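Colleague: Questions regarding the structure given below will be posed in turn.
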Amino acid sequence: MHTIVLATQKGGSGKSTLAIGLALAARQAGFSVRLIETDPQGTLSNWQRRRTAEDIVVEPIYHAADIEPRLKMLAESGLQLAIVDTAAGLSAATTAAIRHSDLCLIPSRPTVADIEATTSTLSVARAWKRPFSFVLNQTPIRGQRIDNAAGTLAEEAALDLAEVVARPLIVMRNDHQDSLAAGLSVSEFAPNGKSTEEIRGLWRWIANRLDLSAAATNLLIDQVITAADDVLHATDEFAQDEATSFTA
Ligand SMILES: Nc1ncnc2c1ncn2[C@@H]1O[C@H](COP(=O)(O)OP(=O)(O)O)[C@@H](O)[C@H]1O
Ligand SMILES: [Mg+2]
């Protein structure tokens, strides 16, 4: 079983939205998936109550001590993918989830303040030597320029930077909000939409990333941190350029 955790200090960065989008994208790609909710705010449980299909189980686990044994049981049961959604801030449950993850995804809007707020999550992932990647979410549509900048940096820095910023970037689109409200995922709500194309692309990127051996990934962590700093600065510059371009 692979365990993906979505974590970042800042609320509203898209942890729950991406957890749902990725869960359904992975399921549609043939994986057995469970959503684990460690955020007492209950965004995933509420979403499931609005949902009529019973294909995805949302399992609340609010106590840090329950996380490891439960993930172990799920792995033994043959589940292929657990996606853990966490609360804003850095609770004991979030730390436990990161510690037992195969990949820590850190969603962030492409603004300096949001990216800076990822630092504490990053330190936990580093402390437990867990592979991590940033997911730039709610980007402007003309954030194509951000995308190009990240791409150029990735080419220059080769593998390490390519691993640290997940691709594609997830654009700000109404489909994400409307599907959440309807108890659906974007891929169910707008199967032919760009939102779906992006989420499916993100799932493929993650699936590739998970195939990397953990050992190789850990060796790369220091290089990746350096590369992440570079992206931070690059994104800062482009976010200012793009601040006025926004699309629904
Ligand atoms: N790519 C996106 N485009 C548009 N709205 C988004 C996107 N990602 C998240 N949202 C919206 O932003 C809000 C916060 O997202 P949410 O997933 O609840 O964040 P978090 O779980 O990190 O607090 C929600 O209303 C959600 O629908
Ligand atoms: Mg949430």
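Colleague: What net charge do the residues around Val5 carry, taking every other residue with its C-beta under 11 Å from that of Val5, with Lys and Arg at +1 and Asp and Glu at -1?
Modeller: Details: positive: Lys15, Arg99, Arg130; negative: Asp85, Asp102.
It works out to a net charge of +1.
Colleague: For the range 1-141, just list the percent of Cα-Cα distances falling in each 10 Å bin from zero outward, please.
Modeller: Reading upward from the zero bin: 13, 45, 35, 7, 0.
Colleague: Still on this model: Assign one of three labels to the range 1-60, namely rounded, prolate or oblate, based on the Cα gyration tensor with a ≥ b ≥ c the square roots of its eigenvalues; rounded applies when a/c is under 1.5, prolate when it is not and a/b is larger than b/c, and oblate otherwise.
Modeller: oblate
All of the numbers you see were taken from the coordinates with simple rules; none came from a lab. Nothing here was measured: the structure is a model prediction, and the numbers come from that model. Every residue, glycine as well, gets a Cβ built from its backbone with ideal geometry; the counts of neighbours run over all protein chains shown.
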